Amino acid sequence: MPVPVPEITPWPVEAIWEAIAPQLPGFTIEVVPEIDSTNAELMRRLRSGCADPVLLIAEHQSAGRGRMARPWHSSTALAGAPGPGSLTFSLGLPMAPKDWSGLSLAVGLSLAHSLHPDIRLKWPNDLWWQGRKLAGILIETANAGAGSLLGSRYVVIGIGLNIQRPAVAGLSTEPCGLVDLQPGISVAQALTLIVEPLMETLRTFEQQGFAPFQHPFNARDALAQVAISMSDGTQGLAQGVDSVGALQVQTAQGLVRVTSAEVSVRPQPGLAARQM
């Protein structure tokens, strides 16, 4: 059983472990004061042969990263506030879904449901509130190694959630913090809200794929009916996601499905406030 690390933040590791370990044999929780990247660390462990299920929490990341190798800037606490200003962790575990499509969307939906009804989801891996970025998700998978179940891969799900608003200039999307929605919430409280529902989401996804999450995702879709442009120059009006999580975009050439292209938002006047 994991032993809580005596840091500034009293992490609720024992309660989380007791809730999850019975359904996930071998599960452990670790808290580290600082690391380059929790995702990078779990991938290093996997390459060295360790494919055990683990929740790795970092009080500070020196080289956090997001999708397409973009840096993730950890927030520092406001003066006089206890603990770190960001919640950064990675969950690593073996999974064997029939189809991996839409996993990051299902994870984002789980976080949004757990944290606040006003949080919107920006395809494929961000949580937004009022057009500002609240959290990002980075998912990586690799072979689970010898002895793993047929079709199983080891997945590392990295979460970066702003608790306080980062004081970082030059970001492409203005950030916000969870305290803007829930004043006074701590990183430990946010973690407690997130982890157990996330595990249930992963079990459902493994058994049923993205289909059960399609309509709930579209109900929170920050891009719905918003003019967007993609990295290949295609422009159109976002029309929600389909049953495997592909973004549907109405273009001049017709409806197209986007599964991997980077999407940037170009809201038309009057749409931004309503849709985000």
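Taken together, the values in this text are just the output of simple stated rules run on the coordinates, not laboratory data. Just so you know, these numbers come straight off a predicted model, no measurement behind them. Using ideal geometry, Cβ is built from the backbone for each residue, glycine included, and neighbour counts are taken over all protein chains shown.
What order do you get for 13-24, 131-142, 104-115 when each peptide is scored by the mean count of other beta carbon atoms within 10 Å, highest first?
104-115, 131-142, 13-24
Hey, can you grab everything whose amide H is under 5 Å from the amide H of T28? Only 5+ residues off in sequence or another chain; H modelled, so Pro and N-termini drop out.
Amide H neighbours of T28: V54, L55.
Can you compute 3J(HN,Hα) from phi for each residue in the range 21-32, using the Karplus curve 6.51 cos²θ - 1.76 cosθ + 1.60 with θ = phi - 60°, rounded to whole Hz and x for Gly and Pro?
3, x, 8, 9, x, x, 5, 9, 10, 10, 10, 10
List the residues whose amide H sits under 5 Å from the amide H of K133, counting only those 5 or more places along or on another chain, with H placed 1.01 Å from N in the peptide plane.
Sorted by chain and number, the residues that satisfy this are E174, C176.
So what J values fall out for the range 136-141 if you push phi through Karplus, 6.51 cos²θ - 1.76 cosθ + 1.60 with θ = phi - 60°, rounded to Hz, Gly and Pro as x?
x, 10, 10, 10, 10, 10
Under 5 Å between amide H atoms, partner at least 5 residues away or on a different chain: which partners does R220 have, H built in plane at 1.01 Å?
Placed amide hydrogens put nothing under 5 Å from R220.
Go through the range 231-248 residue by residue and turn each phi into a ³J(HN,Hα) via Karplus (6.51, -1.76, 1.60, θ = phi - 60°); whole Hz please, and just put x for glycine and proline.
After applying 6.51 cos²θ - 1.76 cosθ + 1.60, I find 4, 8, x, 5, 10, x, 10, 5, 10, x, 10, 8, 6, 10, x, 6, 6, 9 Hz.
Hull surface divided by four, with the convex hull built on the Cα atoms of the range 95-197: how many nm²?
7.7 nm²
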